[in-house]
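To start, the structure itself, in structure tokens.
Where a number appears in this text, it was derived from the coordinates with a stated rule and is not lab data. Keep in mind it's a predicted model, so treat the numbers as computed, not measured. Neighbour counts are summed over all protein chains in view; Cβ atoms, including those assigned to glycine, are modelled from backbone coordinates with ideal geometry.
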Amino acid sequence: MATPAAWAAACEKFRASLSLSQVESQKDPENDPYKSKYRARELLQEVKALLGPAADEDEDEEAGGGGSGPGAEEGPAAERVGPGDGAGAGAGAEPSARAVRLAAVELQLGLNHIDTEELAAGEEHLQNCLRLVRRSRLEPAAVSLHLQAQNNLGILWSERDEIETAQTYLESAEALYNQYMKEIGNPPLDPNEHFLVEEEKLTEQERSRRFEKAYTHTLYYLAQVYQHLEMIEKAAQYCHTTLKRQLEYSGYHPVEWAINAATLSQYYINKQCFMESRHCLSAASVIFSQAEQTPSTEDSESETEQDQQDLRQRKAEIARCWIKYCLNLLQNAQASLEDNIGELDLDKQSELKARRKREEDEKENVRKKVVLFGTSDVCDAILAMEEKVACVPPLDFREAREVFLVGQNYVFEAKEYFQVDGYITDHIEIVQDHSSLFKVLAFFEEDYERRCKMHKRRIDMLEPLTVDLNPQYYLLINRQLQFELAHTYYEMMDLKVAIANRLEELDSHTIKKINSLAQSAIKYYELFLDSLKDPNKVFPEQLGEDVLRPALVAKFHIARLYGKLITSDGRKELDNMQTSLEYYTFLVDYCERYPEAVRAVETELELSKEMAGLLPAKMERLRAKLSPFT
């Protein structure tokens with residue numbers, strides 16, 4: 001390219017190709033979706049022709065640079081791009097202007113072919129870009145080109161499900177960024193700057209922003225690669241760093257950012273890192289509010305309605321993550337406080353309260369230096385959101401109730417979108433979580449009558465779900481609901497028996513209530529067990545691993561429930577004892593036939609053996625007592 005006019009033409013065509021790819025392509029008709037992309041490609045090929053033969057960078061250097069050998073040129077294309085553009089002395093081989101300009105064109109051609117689903121051609125152009133600037137990749141003129149080509153090759157190989165190849169490219173991009181920032185550090189040229197006149201060049205601040213954004217993409221894609229490779233902890237670290245950088249450099253979409261932060265919170269929940277989880281969720285809620293406050297564009301009415309629908313769904317999804325947070329925090333507290341029969345251990349409670357007072361402040365101060373998202377106003381808003389819910393497991397009813405109420409509010413919020421009509425599976429899971437919140441709150445309640453009322457709330461919300469649920473299509477959900485209802489009635493019956501034991505004499509109302517609760521528990525356990533039968537109503541000879549423990553526990557609880565039924569009729573009592581014995585015996589016999597089942601029900605099996613040994617003698621005594629009347 002020998003004349004300034006030819007150079008000006010190349011610049012104009014390059015800029016026009018960018019406009020076609022980034023702006024005009026959005027308006028392409030459905031029957032010709034790549035119209036603008038193909039036109040942009042033609043312009044890029046014309047720019048490439050104007051720049052001259054595509055001698056790669058290695059050949060340029062061997063020839064003594066762009067000023068000699070075939071394709072030697074005068075004017076703008078003969079310049080070297082190096083220290084004058086911010087490079088440090090000795091940073092690497094200074095690239096010729098033609099090399100970096102060709103590399104910029106190859107990068108755009110690679111992206112263009114990928115956008116039009118021509119991956120092999122896209123890969124070839126991206127590799128051309130890397131080859132042209134390989135030796136000068138640490139120079140400010142070339143580093144962004146090299147890094148972005150590696151990023152896109154990483155994405156390309158991910159889409160081919162060649163995850164380890166993708167990992168290689170992306171980790172190489174990460175290493176390049178780190179080496180450049182350590183050895184050079186100056187804001188590098190943006191790939192598109194190579195076709196701008198001097199007065200149009202970017203400020204150093206904008207160059208830095210774009211380079212950091214490209215590196216953030218590197219981390220974002222690495223997080224996904226590590227997720228695919230099941231390197232979960234590393235994936236979470238990279239996701240956290242990505243989110244943090246997106247806030248710092250204002251390079252994010254609020255809704256997408258919020259969903260990613262809420263999703264990351266679930267990883268921290270599983271690791272029992274509740275401070276980090278709460279911080280992610282608080283940040284998600286704050287950033288999501290930005291999207292809610294952004295006025296809608298003047299699109300068609302249907303698009304605006306769809307956008308609002310999408311926002312409502314995302315808000316409900318974040319609410320569900322909050323529910324899981326509150327539920328897991330409460331369950332973690334229960335696990336640390338219960339004794340060997342599942343009741344609140346007062347000694348443990350006192351010990352944990354004393355320990356918390358010593359450790360809490362120190363732990364929070366250390367962690368917060370690591371996990372904070374955002375700066376200034378955003379950070380303040382996130383911290384204010386955090387104040388609404390604890391991040392340390394509650395140790396008494398008052399603290400547990402505060403967490404419960406936060407969780408319950410998010411239940412109501414999530415149910416506004418995930419309603420029975422249209423979202424039955426999601427709706428039921430939310431109701432089950434609500435039930436679980438009441439269940440764990442009841443653990444902290446010392447008053448048995450109040451506990452019963454909490455369990456009654458669970459029944460009132462779960463029972464209606466079973467009425468219209470088709471067991472053929474929702475078999476697993478039906479089983480879950482039946483088992484949970486059975487267990488809830490069972491807990492209520494136990495509580496009523498404990499209350500009755502404090503009375504001097506049982507009244508008829510209490511007896512009737514205990515029997516009613518026991519019979520309801522039996523009913524739902526039997527429905528659960530019936531669901532395991534084959535079409536001929538035959539119970540399986542051997543239980544599947546997924547239902548082994550629930551089925552045997554159901555048998556054990558039914559046996560115990562028949563033993564709890566109160567009756568003044570001796571014959572009825574004998575019948576109940578016989579039924580109880582049959583269920584205990586089933587469990588013992590099953591574990592003898594299938595010894596591998598023992599591990600699943602060790603405690604229940606031990607008690608069943610004991611009862612199977614005691615009941616026959618007890619029944620004989622009752623028969624003897626009844627015999628004079630026969």
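First measure r as the distance between the Cβ atoms of Gln290 and Thr203, then evaluate 1/(1 + (r/R0)^6) with R0 = 30 Å and state the FRET efficiency to the nearest 0.05.
Values: r = 26 Å, r/R0 = 0.86.
Calculated value: 0.70.
Give the calculated FRET efficiency between Gln237 and Gln313 to the nearest 0.05, with a Förster radius of 30 Å applied to their Cβ-Cβ distance.
Working: r = 29 Å, r/R0 = 0.95.
After rounding, the FRET efficiency stands at 0.60.
What aspartates and glutamates does Lys348 reach when the alpha-carbon gap must be under 12 Å and sequence neighbours fewer than 8 apart in one chain are set aside? List returned: Glu338, Asp339, Asp396. Give me the net charge of Glu604's neighbourhood, meaning all other residues with Cβ under 12 Å from the Cβ of Glu604; Lys, Arg count +1, Asp, Glu -1. With Lys, Arg at +1 and Asp, Glu at -1, the net is +2.
Inter-label distance, Glu164 to Ala624: 7.5 nm, where each label sits 7 Å from its Cα along the C-beta direction. Give the distance, in whole Å, between the Cα centre of the stretch 316-343 and the Cα centre of the stretch 543-609. For the stretch 316-343 versus the stretch 543-609, the Cα centre distance is 29 Å.
Note on Arg398 and Glu248: the model spin-label points, each 7 Å out from Cα along the C-beta direction, lie 4.1 nm apart. A straight chain from Glu446 to Glu124 at 0.36 nm per residue would run longer than the Cα-Cα distance by 108.9 nm.
With respect to the chain, whose longest principal axis is taken over its alpha-carbon atoms, helix 254-270 is tilted by about 50°. Applying 1/(1 + (r/R0)^6) with R0 = 51 Å to the Cβ-Cβ distance of Asn340 and Phe412 gives a FRET efficiency near 0.90. Dividing the convex hull volume of the alpha-carbon atoms in the stretch 223-293 by its residue count gives 75 Å³ per residue. From most to least packed by mean Cβ count within 10 Å, the peptides 436-447, 459-470 give 436-447, 459-470.
Averaging over all projection directions, find the projected area of the Cα convex hull of the chain and quote it in nm² with one decimal place. Write out the running numbers ahead of the final one.
On the way: hull surface 157.0 nm².
Convex hull of Cα atoms, orientation-averaged projection: 39.2 nm².
Estimated at 0.36 nm per residue, the fully extended path between Tyr594 and Gln331 surpasses their Cα-Cα distance by 91.4 nm.
What's the angle, to the nearest 10 degrees (0 to 90), between helix 475-500's Cα axis and the longest principal axis of the chain? Result, in degrees: 50.
Scaled against the 2.2 N^0.38 Å expected of a compact globular protein of N residues, the Cα radius of gyration of the stretch 197-340 reads 1.29.
Over all other residues within a Cβ to Cβ distance under 13 Å of Ala500, the charged ones net out to 0, with Lys and Arg as +1 and Asp and Glu as -1.
The long axis of helix 448-467 is offset from the longest Cα principal axis of the chain by roughly 70 degrees.
Which links in Lys182/Lys234; Lys271/Lys388; Lys244/Lys357; Lys453/Lys512; Lys439/Lys533 stretch past 20 Å when you go from one Cα to the other? Result: Lys182/Lys234; Lys271/Lys388; Lys244/Lys357; Lys439/Lys533 exceed 20 Å.
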